[in-house]
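Note sheet for the following structure.
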Amino acid sequence: EMEQLVSMGFPSDLAAEALTATGGDSIQKATDWILSHRSPHQSTTATSQPKLDRFLLRPNSKTLNPAVSNDDSNKRLKLSSSNPRQHQPLSERMRPRTLDDVVGQDHLLSPASLLRSAVDSNRLPSIIFWGPPGTGKTSIAKSLINSCKDPSQYRFVSLSAVTSGVKDVRDAVESAKKLNLEGRKRTVLFMDEVHRFNKSQQDSFLPVIEDGSILFIGATTENPSFHLITPLLS
């Protein structure tokens with residue numbers, strides 16, 4: 001009987017008193033006794049309605065401490081700013097950073113290859129990479145700079161023939177000439193999908209390649225013998 005009265009929302013001490021007064025042989029009598037002997041100012045809701053905070057997690061003062069929260073957020077911001085690569089796409093984070101990170105392409109990157117010898121001697125050549133999409137043309141081009149003995153003396157500029165025009169090339173060349181005259185850095189101009197440039201657009205590269213204003217690296221998925229002008233290949 002006690003459990004039934006408590007489950008109905010009555011305080012345990014009041015339920016015990018009611019059972020004692022009524023002989024404890026009837027829940028109905030105990031309930032009537034409680035209702036008839038309670039003080040007028042007592043509210044049934046107050047005794048029978050459980051407090052809402054019983055069902056809610058109490059806030060932890062430690063987790064709400066502004067100083068701790070701010071410190072934690074500051075630490076996260078510092079870690080984020082110190083490692084900007086963690087916000088890049090997975091393909092970019094996994095991209096090789098040096099030639100030693102590149103897997104395969106031994107005919108280009110073996111210790112005895114011409115390209116590896118040029119990198120080891122810190123004398124990068126102008127070059128055209130030809131191959132199917134996804135074989136590492138862009139990755140190798142970017143890795144060349146980082147593999148040099150002094151990467152800081154080079155500036156890597158990446159353009160795409162799909163989205164760029166002669167004006168973009170001119171702007172890159174002008175900046176390259178300025179840096180070259182100041183003796184600060186040499187510019188490596190990487191042109192992706194170079195086969196999409198027409199003959200006159202490809203001709204615009206020749207003077208600046210010949211006078212050493214830029215080091216030119218082109219990438220194409222098409223046979224250069226049919227899609228690039230002969231002077232550019234020479």
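The listed residues are 193, 182, 174, and the only one of them that is without any contact (Cβ under 8 Å) to a residue 40 or more places away in the chain and surrounded by 15 or more Cβ atoms within 10 Å (Cβ to Cβ) turns out to be 193.
Which one is surrounded by the most Cβ atoms within 10 Å (Cβ to Cβ) among residues in region 153-171 that are in a helix (DSSP H, G or I) and in contact (Cβ under 8 Å) with a residue 24 or more places away in the chain? Filtering first and then ranking leaves 169. Does at least one position in region 180-193 carry a residue that is within 27 Å of residue 146 (Cβ to Cβ), among the aromatic types (Phe, Trp, Tyr) and modelled with pLDDT of 95 or more? The answer is yes, given that some residue of region 180-193 is within 27 Å of residue 146 (Cβ to Cβ), among the aromatic types (Phe, Trp, Tyr) and modelled with pLDDT of 95 or more.
For region 92-134, the candidate set comprises residues that are hydroxyl-bearing (Ser, Thr, Tyr) and touching a residue at least 12 places away in the same chain (Cβ under 8 Å); within that set, the residue that is farthest from residue 219 (Cα to Cα) is 98. Of the residues making up region 109-133, those that are out of contact with any Ser or Thr (no Cβ under 8 Å at 6 or more places or on another chain), within 15 Å of residue 150 (Cα to Cα) and among the aliphatic types (A, V, I, L, M) are 118, 124.
The values are calculated or read from the model by the stated rules, or taken from the named source; none is laboratory data. Not measured: the values here are computed from a predicted model. Glycine also receives a Cβ, built like all others from the backbone with ideal geometry; neighbour counts cover every protein chain displayed.
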